[in-house]
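Chemist: Dropping the structure in here first, questions after.
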Amino acid sequence: MFKKKGLLASVLSLGLVLAACGGDEDAGTDENGGDATGGDTNGGDEETTEIEAQEWRFLTEETEGQVQMVYAEEFADIVHEKSDGQITIDVYGFGELGSEVDAVENLANGVIEFAIISPGFTGTLVPEGNIFALQFLFPDDLEVSQQILNESEAINTTLRERYEEHNILPLAFWTEGAMQWTGSTPLHNPDDFNGFQMRTQESPLILESYEAYGANPTAMSWGELYTGLQQGAVDGQENPLFFIEDANFNEVQDHLTISNHNMYVTMTTVNPDFYNGLDDATKAIIDEAVEEMRDRAFEIQEEQNGAALDLIEQATDTPTEVYELSEEEREQFRELAVDVRDFYRENGGDYAEEILDQLLEDIEAAQ
Ligand code: 6CS
C-alpha cells in the first residue's frame, strides 16, 4: 500500500533477497543479455537481487481523489508490491510541498524523487514544452492522441531530451482529458473572448493562444482560481471536466463551453540523477510501473471526466449553462489557433521547428 505523506524518509538498512526466478518475472534483460534484476551469480543456479528498503517522495499538482493523485497512489502501490514491500512511496498533493512551479525546482534539485509536472508550468524553463499549449493540434479522438503521446519520437526523444537538460526526466506523457472553457459570460466564438480575462497556467504559449482570440490572459495558480473567479479577478478558465467539477469552478461560473480545443497533457517525471543511480532491478520496477499506468491513466481520466458533466448539470443551486460548440464555431477558433504555431516555431526554443514538424507527421500517420 502507498503511504500518503508524513513519514520520515529514512533509508532502512535491511535488504530483501529476491530470487530472480520466483520474484519479478518481467524484469527483462540487461544489455549483456543477463538478468536486468542485477543479481549476483553465485556460481549456482539461483540468481538473487537485493532491493534495498527505501522511501521516496512523489508530488502531484492535484488533491485527493483527482486524476493525478489516483495515478500516483496506484503507481506507489505497484512499486510497493513489485519490491515485495521494500519500497514505499509517500504521495503528496497540491501545495503540500510548495506551488506547482516549486515542484519543478524541487524535482530538478532532487528534493523529491518523482513528480507529475504539467508542461504548462515549465514554459519558460523548457520552451519546447510549450508544444502542448497549441490548440486544435492533436486529433479530437483522445485515444488516438494518447497513442501519439506514447509513441511520437518528437515527444519521447527530442522533447524528452530538452527536459533532461534541465534535470527533469519524463517517464510518460499522458492526458487528463479534453479541456473545456468556463466563463462568467458565454464563449461561443472568438468575439466572445474580446477583452475576456482568461486564467491560464504559466506557459507563454498558452497566453499567446488566448491573445490570438483577443482575450487578456493572466497566469495564476489554480489554488487561487476559485476566489479569482468568484471575485471577478478573472472571467474564465480552461480545464478538463473532472477538474472543473472537483475544484467547484462551476459554482462560480455561469457558463460552460464544450470546446474540446485541446487536451490536458501532463508528465510523470523522475529526478534523473536519482533514477540513473539506481540498480537495474529497481529501475525495472519503476519502468514496469510506468508501463502499467499508461492504460490506467487513460481509464482514470475517462471515468472521472465521464461523470463530471452530469454532476455539473445536477448542481442546480449554482446553475451553469452548458453549450457545445458547433463544428463551424470550432473552425473559427482553429483558424486563429493555427497561426500560433508560427509563434511556437519562433519562440519555442532551438528544437521547436524540428519537434513541431515531426509531431505533425506523427499526427498525420496516426490518423
Ligand atoms: O489548471 C490547473 O492549473 C490544474 N489543472 C489540472 C487538470 N491539474 C493540475 C493543474 O495545476
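The values are calculated or read from the model by the stated rules, or taken from the named source; none is laboratory data. Given the structure is predicted, the values throughout are model-derived calculations rather than measurements. Cβ coordinates were reconstructed from backbone atoms using ideal geometry, including for glycine residues, and neighbour counts include every protein chain displayed. Surface accessibility is based on the protein's heavy atoms, side chains included, excluding ligands, DNA and RNA. Shrake-Rupley method; radii C 1.70, N 1.55, O 1.52, S 1.80 Å.
Chemist: Which longest run of the chain has no exposed loop site in it, a site being GluC sites (Glu not before Pro) in a DSSP loop with at most 14 other beta carbons within 10 Å, and the site itself not part of the run?
Modeler: Counting only loop sites that pass the neighbour cut-off, the longest clear stretch is 166-367.
Chemist: Something else: Taking the Cα centre of segment 52-366 as origin, sum charge times position over the Cβ atoms of Lys and Arg (+1) and Asp and Glu (-1), and report the length of that vector in debye to the nearest 20.
Modeler: Its charge dipole is roughly 640 debye.
Chemist: Over segment 90-235, what percent of the accessible surface lies on carbon and sulfur atoms, probe 1.4 Å?
Modeler: 41 percent
Chemist: Now, a different point. Hey, what's the Kirkwood Rh for the chain if you take every pair of different alpha carbons, in angstrom?
Modeler: About 21.6 Å, per the Kirkwood formula over Cα pairs.
Chemist: With every protein chain present, what is the per residue accessible area of the chain (1.4 Å probe, Å²)?
Modeler: Here the per-residue accessible area is 43 Å².
Chemist: In what order, largest first, do Tyr210, Tyr275 sit by accessible area if the probe radius is 1.4 Å?
Modeler: Tyr275, Tyr210
Chemist: Can you give the FRET efficiency for Glu335 and Asp77, using 1/(1 + (r/R0)^6), R0 = 41 Å, r = Cβ-Cβ distance, to the nearest 0.05?
Modeler: Efficiency for this residue pair is about 0.35.
Chemist: Please report the antiparallel percentage of the DSSP beta bridges confined to segment 52-366, to the nearest 5.
Modeler: Here the share of antiparallel DSSP bridges comes out near 55 percent.
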